[in-house]
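Here's the structure we're looking at; comments come further down.
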Amino acid sequence: MPNRYLRYGDQRYIITKEAEARLDRTLEAVYADGPRGHQWLNLYHDSEAPCRVLIAPGVPITIETEPGPGD
């Protein structure tokens with residue numbers, strides 16, 4: 001399975017399927033009725049390596065997939 005990353009501004013973080021699902025729910029909450037407010041998302045839930053990112057209108061966020069062998 002290829003690695004997936006969250007590109008947040010000029011930083012890149014490994015993202016799990018569980019974290020991506022939480023990201024989707026957070027994006028839905030922030031953008032449901034048009035851009036409003038903001039929420040913090042902890043990427044590594046239940047981890048000793050906390051990493052919180054701000055989900056808000058205007059903050060560039062993308063998901064990247066690292067190509068696997070033969071891609």
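The values are calculated or read from the model by the stated rules, or taken from the named source; none is laboratory data. Just so it is clear, the structure is predicted and the values come from calculations on it, not from any experiment. Quick reminder, even Gly has a Cβ in these numbers, built from the backbone with ideal geometry, and neighbours come from all protein chains shown. We work out accessible area using only protein heavy atoms, side chains counted, and drop any ligands, DNA or RNA first. Shrake-Rupley method; radii C 1.70, N 1.55, O 1.52, S 1.80 Å.
General remarks:
- Counting only protein heavy atoms and a 1.4 Å probe, the chain has 70 square angstrom of accessible area per residue.
- The loop-placed GluC sites (Glu not before Pro) in region 1-43, going by DSSP, include none that has at most 15 neighbouring Cβ atoms within 10 Å of its Cβ.
- By accessible area, using a 1.4 Å probe on protein heavy atoms only, region 7-71 has 52% of its surface on carbon and sulfur.
- Inverse mean reciprocal Cα-Cα distance (Kirkwood Rh) of the chain, Å: 13.0
- Tilt relative to the chain, helix 17-31 - C-alpha long axis, 0 to 90 degrees, to 10: 30
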